[in-house]
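The values are calculated or read from the model by the stated rules, or taken from the named source; none is laboratory data. What you see is a predicted model; the values in this text were computed from it and never measured. Cβ atoms come from the backbone with ideal geometry, glycine included; neighbour counts cover every protein chain shown.
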Amino acid sequence: MDKLAIDGGKPVRDTFLPFHRPNIGKEEEDEVIDTLRSGWLTKASKTIEFEKMFADYCEVKHAVGLINCTAGLHLALIALNVGKGDEVITTPMTFAATANSIVNVGATPVFVDIDPTTLNIDTGKIEEKITERTKAILPVHFSGQPCEMDDIVSLAKEYGLVVIEDAAHAVGTIYKGRKVGGIGDASVFSFYANKNMTTGEGGMLTTNNDETAEKVSILSLHGLSADAWKRFYVKGFKHYDVLYPGYNYHMFDIQASLGIHQLKKVDKLWENRKRIVDIYNGSFEEFPEISLIPQIPREGSRNSYYLYIIALRIEKLRATRDMIASALQAENIGVGVHYKAVHLQPYYRRSFGFEEGQFPTTEYYSERVISLPLFPTLTDDDVGSVVSAVKKVVSFYKS
Ligand SMILES: *Cc1c(COP(=O)(O)O)cnc(C)c1O
């Protein structure tokens with residue numbers, strides 16, 4: 001058996017393969033330079049152009065560009081009147097920002113365990129968590145696989161709740177023929193550097209509701225009645241009024257310069273993602289120490305393939321997931337963990353009394369998942385080296 005690189009053996013690759021590499025081309029570079037030379041660096045015509053493009057892409061009425069997705073979750077909750085004393089139902093298998101944004105409006109996150117076939121919120125377990133204080137459901141389209149939105153929307157209708165989708169992974173996700181973005185009351189996307197499309201940092205809130213769009217837009221610009229762009233371009237001098245104690249959360253044109261071109265490529269690059277996912281699935285299918293996260297193909301639906309995740313059957317191994325992650329890094333393969341269960345993070349244990357055993361499916365995967373590199377410019381050799389490294393490390397630790 002080959003000696004592991006972590007024990008001083010030769011790594012599978014000579015050079016480090018990062019977990020993610022953004023895909024920025026000449027178009028993005030030229031657009032950013034054009035913006036830098038235009039004399040207008042903050043929110044102006046390019047942000048507005050990108051918002052229009054994004055709304056069209058998601059087949060939704062409004063898109064509001066924001067500084068990042070976390071700001072968008074915060075504003076969505078405020079605009080939809082979720083606040084102190086309210087409860088928001090969400091998943092513990094997510095990034096901290098999902099639950100943090102609930103806490104930051106003074107509401108309480110109420111977790112519902114995940115469905116092992118998708119790692120999305122188990123919609124069959126939502127109803128039992130609804131109380132008089134429940135105000136919203138905040139599902140996350142985990143790794144780009146759409147949640148069961150029909151179930152969520154019908155529960156929300158029945159109990160008078162709002163639906164805010166954390167769509168950070170879901171640019172290009174389709175649920176039963178509909179793009180994610182216009183299904184719930186508001187959806188929030190992320191353009192962080194490692195997401196399917198990026199503006200470095202960035203986010204977008206989409207909604208079909210005129211009032212929600214207007215309120216989010218105003219809140220994102222200090223609560224001012226008219227945004228700076230309109231104030232300076234409209235003829236004659238105009239004052240603004242402060243309508244709400246708003247935030248400085250709006251997107252600016254340097255971000256939008258990247259976004260305009262990233263969005264144009266996203267569907268084409270999805271094909272590369274799918275090809276890589278298929279190679280990985282074929283390579284790990286018969287490996288007894290690994291379970292694949294099943295992708296349930298649903299008529300008319302599409303996964304954005306943001307992440308490629310395997311679950312390690314640690315019962316069959318002499319190593320923890322973290323030991324395997326370290327060993328893979330030593331083989332020169334960058335890996336990630338999406339996610340460690342949010343309810344077991346120190347703040348959530350301390351403030352809400354969460355403990356082990358409350359969400360067993362989440363906890364099971366929280367200890368076993370590992371994300372492998374998945375980005376459109378991976379070559380066949382890169383993908384081959386990831387497969388070889390996983391097989392090498394997992395075989396070594398087989399019990
Ligand atoms: C990336 C991410 C966010 C936060 O996005 P930012 O744009 O970095 O603020 C929120 N939720 C999930 C599930 C994410 O993956």
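List of remarks:
- Residue, surrounded by the most Cβ atoms within 10 Å (Cβ to Cβ), within the stretch 154-210, restricted to residues that are hydroxyl-bearing (S, T, Y) and away from the ligand (no atom under 12 Å from the Cβ): T206
- For G85, the requirement of being farther than 30 Å from K176 by Cβ and of a type outside the set (S, T, Y) is met.
- When the stretch 101-113 is limited to residues that are in contact with a Leu (Cβ under 9 Å, 6 or more places away or on another chain) and of a type in the set (V, I, T), the one that is farthest from the ligand (Cβ to nearest atom) turns out to be V105.
- Selected residue (criterion: surrounded by the most Cβ atoms within 10 Å (Cβ to Cβ)) from residues of the stretch 322-368 that are of a type in the set (V, I, T) and not in a helix (DSSP H, G or I): I333
- Qualifying position, being in a loop (DSSP other than H, G, I, E, B), surrounded by fewer than 17 Cβ atoms within 10 Å (Cβ to Cβ) and either of a type outside the set (A, V, I, L, M) or more than 16 Å from the ligand (Cβ to nearest atom) (or both), among G124, G85: G85
- Among the candidates T70, T94, T98, T47, the residue that is within 12 Å of the ligand (Cβ to nearest atom) and either in contact with a Phe, Trp or Tyr (Cβ under 8 Å, 6 or more places away or on another chain) or aliphatic (A, V, I, L, M) (or both) is uniquely T94.
- When the stretch 285-321 is filtered for residues that are among the aromatic types (F, W, Y) and modelled with pLDDT under 95, only F287 remains.
- Condition met for S371 (touching a residue at least 40 places away in the same chain (Cβ under 8 Å), closer than 26 Å to K265 by Cβ and assigned to a strand (DSSP E or B)): yes
- If the condition is being aliphatic (A, V, I, L, M), surrounded by 17 or more Cβ atoms within 10 Å (Cβ to Cβ) and touching a Phe, Trp or Tyr at 6+ places or on another chain (Cβ under 7 Å), then the stretch 278-312 contributes I290, I310, A311.
- Residue list for the stretch 136-148, filter: closer than 17 Å to R298 by Cβ and either over 20 Å from the mean Cα position of the chain (by Cα) or crowded, with 22+ Cβ neighbours inside 10 Å (or both): P139, H141, F142, S143, G144, Q145, P146, C147
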